[in-house]
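*Asks:* Take this structure, written in structure tokens, and hold onto it; I'll ask about it next.
The values are calculated or read from the model by the stated rules, or taken from the named source; none is laboratory data. Note that the coordinates shown come from a computational prediction; the quantities given were computed from them, not determined experimentally. We place every Cβ from the backbone using ideal geometry, glycine too, and count neighbours over all the protein chains shown. For the accessible areas, the whole protein counts, side chains as well, though only heavy atoms, and no ligand, DNA or RNA atoms are used. Shrake-Rupley method; radii C 1.70, N 1.55, O 1.52, S 1.80 Å.
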Amino acid sequence: MSAPAPATPSGPADERLITRSPLKKLLGRPELGAVVGAVAVFLFFTFAADSFLQLSSLTTVLYAASTIGIMAVPVALLMIGGEFDLSTGVVVTSSALVSSMFSYQMTANVWVGVGVSLLLTLAVGLFNGVLLTRTKLPSFIITLGTFLMLTGLNLGLTKLISGTVSTKSIADMEGFDSAQAVFASTLTVGGVHIKITVLWWIALVAVATWILLRTRYGNWIFAAGGDADAARAVGVPVRATKIGLYLGVAVGAWISGQHLLFSFDVVQSGEGVGNELIYIIAAVIGGCLITGGYGSAIGSAIGALIFGMTSKGIVYAEWNPDWFKFFLGAMLLLATLLNHWVRKRAEETA
């Protein structure tokens, strides 16, 4: 049991002086429910699929998780800040299309296209953030509009410039090999082949966790998501905080877009539609609340890992992949219920 806080003559004890037990601290972690869910999914497919525990299978699971996790991390931070972004899936595709078509049409070094893509992707994030903070419209409406506009632009401009719904190959252009090494290479560690996206994913989780737990900006994110008006009243720059979160989502979309391009060297203009829901699902499974002010980057990573284990575990178990969405929906509901129960228990024992 925790030691009682010292009483003061003027009233009840300052709750900041209360020492919380390790159990209470554990129950207060937003990713606890996701950890329980991840262990359950891992054990389930360990018995359901004979090849699931093979190293090659586990690295494939990590790769699948990383492609979701790279975007789930900034999406989780945005949700903690109290906002949504329904345009993330198509922004990833837009980022890849810009890199490819700019490099091909301008016959420029591929890295020039990559740089232009970063600037334009950041511009989309800035557009979403500024429009949100200036109009006070729900982020759902604003980013839904961005989603529709980008979906049309991706298809219309690709057909206008390339004559088809996909880009031209840039595999023989200068700078392609070095860009591919940065965004889509495979590393061999002890005989195990690991995609570089796993390293990008781990780096983003580490940076986001540091921001949330060790910086003033992290406090601003939680405050803005918990109660924006109260946060503004005590001096939190809510507007700048939310714009920064949208810029962070744009950076994640840029990384994912470059991986998409340099993995296949051509991009289909219709890709990415629907992925925005998967990113949100990963964040919610990881403990983020729809209402904002609660969650963690580590939780989003675990949510992405659950997604990777499920998507590949079904294949290794030789089940019909048509059932994947059913399992994903069931996991979302179960994880949300478990996270709600854990949070309620944490509040009761606080």
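*Asks:* Quick one: would you say Ser103 is more than 27 Å from Ala240 (Cα to Cα), touching a Gly at 6+ places or on another chain (Cβ under 7 Å), part of a helix (DSSP H, G or I) and at pLDDT 95 or above?
*Replies:* Numbers: more than 27 Å from Ala240 (Cα to Cα): yes; touching a Gly at 6+ places or on another chain (Cβ under 7 Å): yes; part of a helix (DSSP H, G or I): yes; at pLDDT 95 or above: no.
So Ser103 does not fit the description; no.
*Asks:* Could you give every pair whose Cβ atoms fall below 9 Å, whose first residue belongs to the range 234-252 and is within 9 Å of Pro74 (Cβ to Cβ) and among the β-branched types (Val, Ile, Thr), and whose second residue is open to solvent by 30 Å² or more (accessible area, probe 1.4 Å) and at pLDDT 95 or above, counting only separations of at least 6 or pairs across chains?
*Replies:* The qualifying pairs are Val251/Leu118; Val251/Leu122; Val251/Leu204.
*Asks:* Continuing with the same structure: Return yes when Val192 is at pLDDT below 95, open to solvent by less than 40 Å² (accessible area, probe 1.4 Å) and either among the hydrophobic types (A, V, I, L, M, F, W, C) or within 23 Å of the chain's Cα centre (by Cα) (or both) and no when it is not.
*Replies:* It is true that Val192 is at pLDDT below 95, open to solvent by less than 40 Å² (accessible area, probe 1.4 Å) and either among the hydrophobic types (A, V, I, L, M, F, W, C) or within 23 Å of the chain's Cα centre (by Cα) (or both).
*Asks:* Go through the range 280-305 and give me each residue that's open to solvent by 20 Å² or more (accessible area, probe 1.4 Å) and part of a loop (DSSP other than H, G, I, E, B).
*Replies:* Result: Leu289, Ile290, Thr291, Gly293, Tyr294.
*Asks:* Would you say Leu337 is at pLDDT 90 or above, open to solvent by 20 Å² or more (accessible area, probe 1.4 Å), outside any loop (DSSP other than H, G, I, E, B) and not aromatic (Phe, Trp, Tyr)? Break it down stepwise before answering.
*Replies:* On the way: at pLDDT 90 or above: no; open to solvent by 20 Å² or more (accessible area, probe 1.4 Å): yes; outside any loop (DSSP other than H, G, I, E, B): yes; not aromatic (Phe, Trp, Tyr): yes.
Taking the combined requirement at face value, the residue does not satisfy it.
*Asks:* Also, I was wondering about something else. In the range 53-93, what count of residues is obtained for those that are assigned to a loop (DSSP other than H, G, I, E, B) and out of contact with any Leu (no Cβ under 8 Å at 6 or more places or on another chain)? Walk me through how you get there before you give the answer.
*Replies:* In the first step, residues of the range 53-93 are kept if they are assigned to a loop (DSSP other than H, G, I, E, B); the result is 53-54, 81-87.
Next cut, out of contact with any Leu (no Cβ under 8 Å at 6 or more places or on another chain) only: 53-54, 82.
Total meeting the criteria: 3.
*Asks:* Additional query: Please determine, by comparing only the residues of the range 108-130 that are more than 18 Å from Phe262 (Cβ to Cβ) and not hydrophobic (A, V, I, L, M, F, W, C), which one is nearest to the chain's Cα centre (by Cα).
*Replies:* Top of the filtered list is Gly125.
*Asks:* List pairs: first in the range 158-172 and without any contact (Cβ under 8 Å) to a residue 60 or more places away in the chain, second β-branched (Val, Ile, Thr) and open to solvent by less than 60 Å² (accessible area, probe 1.4 Å), Cβ under 9 Å, 6+ apart or cross-chain?
*Replies:* Thr164/Thr158
*Asks:* Separate question: Kindly provide the set of residues from the range 230-263 that are open to solvent by less than 10 Å² (accessible area, probe 1.4 Å), among the small types (Gly, Ala, Ser) and within 15 Å of Ile211 (Cβ to Cβ), ordered by number.
*Replies:* Gly252
*Asks:* If we scan the range 261-270, do we find a residue that is touching a Pro at 6+ places or on another chain (Cβ under 9 Å) and aliphatic (A, V, I, L, M)? Reasoning before the result, please.
*Replies:* So in the range 261-270, the residues touching a Pro at 6+ places or on another chain (Cβ under 9 Å) come out as none.
Checked against the condition, which is being touching a Pro at 6+ places or on another chain (Cβ under 9 Å) and aliphatic (A, V, I, L, M), the range 261-270 yields no hits at all.
*Asks:* Oh, and also: Every residue in the range 306-334 that is open to solvent by 100 Å² or more (accessible area, probe 1.4 Å) and not in a helix (DSSP H, G or I), please. Steps first, answer last, please.
*Replies:* Here is the first cut: in the range 306-334, the ones open to solvent by 100 Å² or more (accessible area, probe 1.4 Å) are 318, 322-323, 325-326, 333-334.
Across the range 306-334, the qualifying residue is only Glu318.
*Asks:* Which ones in the range 98-108 are in contact with a Phe, Trp or Tyr (Cβ under 9 Å, 6 or more places away or on another chain) and surrounded by fewer than 23 Cβ atoms within 10 Å (Cβ to Cβ)?
*Replies:* Matches in the range 98-108: Ala108 only.
*Asks:* For the range 253-275, which positions are under 16 Å from the mean Cα position of the chain (by Cα) and modelled with pLDDT under 95?
*Replies:* Gly272, Val273, Gly274, Asn275 - these are the residues of the range 253-275 that are under 16 Å from the mean Cα position of the chain (by Cα) and modelled with pLDDT under 95.
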